[in-house]
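The values are calculated or read from the model by the stated rules, or taken from the named source; none is laboratory data. Keep in mind that this is a model prediction, so the values were computed, not measured. Cβ coordinates were reconstructed from backbone atoms using ideal geometry, including for glycine residues, and neighbour counts include every protein chain displayed. Side chains are part of the model used for accessible areas, which takes the heavy atoms of the whole protein and leaves out ligands, DNA and RNA. Shrake-Rupley method; radii C 1.70, N 1.55, O 1.52, S 1.80 Å.
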Amino acid sequence: MGKMLEMPESGIGYQLIKARKNDEKQIKNFVVFNAEILIDHDEKLKIYSNTLIGNGYEILTKVLSIVELKDIQILYEGQIINQPITSNLFNNSVRTGYSETADIYIRPGIYINDNRIDMYNKMLLPGSFVTTVESYTNCHIMRNDPVELFTLPVQQDYIKVIYVKQNKTNIHINGSFNNDFNRAGGGDKICFKTSSELLLKKGEKTHVPNLQGNM
């Protein structure tokens, strides 16, 4: 899990990657859900994505074997991301002219425990995708399906809403969610090159990710 948490997402809650598994020579396409569940990017993907909540998620973590990945390359809209999140790879996507005033952003929480949330430091890890309050609000006003609009890699509604605060000058990627998983996409898509402050209700508890592991 540790390696995957250091790398940016391809969308909310998942990473599209090219990698070699264990000692295999062939580089293959995979999807990594929540930085810990590795699934081949093939015809079985939809079956697995139907099970990514509650008991189904827990069962997957128990029955799937731990694997070591090598030569990992993150895919973003068909492009290979092989540079750190703090690089200038997406400079042409960064909005300019913003003040340093922090704003509020929303991350639909599709897992009971989102591994990209570091509760110890009360932050959302760099390279994690969020959407704007305006896009999220308009989704409900227009009665759009958030699973479709924000390209969520699950077949059901999300579990909760996660709020974060971040300076607009730290925007790393700014655009619209694409059609991964055959979703419609179109919602505002943003990630930051630095960690975002997690906004919690008093007494709210959130999972602390395990930064150790092979993946």
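Annotation note: Cβ proximity below 8 Å between a residue of the range 91-117 that is more than 22 Å from N138 (Cβ to Cβ) and open to solvent by 60 Å² or more (accessible area, probe 1.4 Å) and a residue that is modelled with pLDDT of 55 or more and among the aliphatic types (A, V, I, L, M) (sequence gap 6+ or interchain) occurs for I112/I53; I112/I159. Please tell me if N82 is modelled with pLDDT under 65 and more than 30 Å from V133 (Cβ to Cβ). It is true that N82 is modelled with pLDDT under 65 and more than 30 Å from V133 (Cβ to Cβ). Comparison of T151, T169, T206 shows that the only residue that is at pLDDT below 90 and open to solvent by 40 Å² or more (accessible area, probe 1.4 Å) is T169. Looking only at residues in the range 154-166 that are of a type outside the set (S, T, Y) and at pLDDT 85 or above, the one that is most open to solvent (accessible area, probe 1.4 Å) is K165. Considering the range 101-185, the qualifying strands (runs of 3 or more DSSP E), each wholly inside and each with 1 or more residues that are among the polar types (S, T, N, Q), run over 129-132, 160-167, 171-176.
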